[in-house]
Amino acid sequence: MALTSKVAGNFQKSMKMTTVHLMRVRRTLWSKLILICLAAPVLSSCHKTHWVYSSNCSNGIIFRKVEFSELIRHIQKYDQQYVEVSGKYVEAKEQSALYNDSLFTDHSPKHALWVNFSQDCPLYLKGTHKGLFEPNNGEFTPINNKKIRIRGKIDLHNHGHLRQYAATIDRISLVEL
């Protein structure tokens, strides 16, 4: 009988050690999972390339930061004004336009801005002499269908290709990808 109680005692002791070990393993796995979940967004943001192209065309001018929907809704108010606005840039044959990047808005040209890049205001990557429209390592800067921040002057009298846009943003002095 003493042998049986000794075996039972060893068995209970072994079960307690196994339970404690399993709890430690579970706690370690949870903490690693939480660490991975917290680190993933930080690590993924590290891979995003941030490019700022600027020109000295508008040195000394103060730009009015405006939401895209506000700009389009009250476009007459911003005629001949220097603005900073963000949106989705789209380029194609006979198209250079900035659209609202919201999913819940009208994406027709009449609710978009014609973007008039000019050789008079060359845009260079900050800290370099690499132009926005110059090939870099054999490739052009990927700007099409990208969200950009842009600075320029609103011209209500120019409606872009086939006069189908709300207005033109001209004298572009900053493009941030």
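No value in this document is a laboratory result; all are computed from the given coordinates. All of these numbers come straight from a predicted model, not from anything done at the bench. Cβ sites come from the backbone with ideal geometry, for glycine too, and all protein chains shown count toward neighbours.
Restrict the check to segment 97-118 and report whether at least one residue is among the acidic types (Asp, Glu) and under 21 Å from Pro135 (Cβ atoms). Before the answer, list the steps.
So in segment 97-118, the residues among the acidic types (Asp, Glu) come out as 101, 106.
Retained after the next criterion (residues that are under 21 Å from Pro135 (Cβ atoms)): none.
Checked against the condition, which is being among the acidic types (Asp, Glu) and under 21 Å from Pro135 (Cβ atoms), segment 97-118 yields no hits at all.
Could you run through segment 132-156 and say how many residues are more than 17 Å from the chain's Cα centre (by Cα) and without any contact (Cβ under 8 Å) to a residue 40 or more places away in the chain? Don't jump to the end; show me each part of the working.
From segment 132-156, those more than 17 Å from the chain's Cα centre (by Cα) are 132-140, 152-156; that's our starting set.
Keeping just the survivors that are without any contact (Cβ under 8 Å) to a residue 40 or more places away in the chain gives 133-140.
The number of residues fulfilling the criteria is 8.
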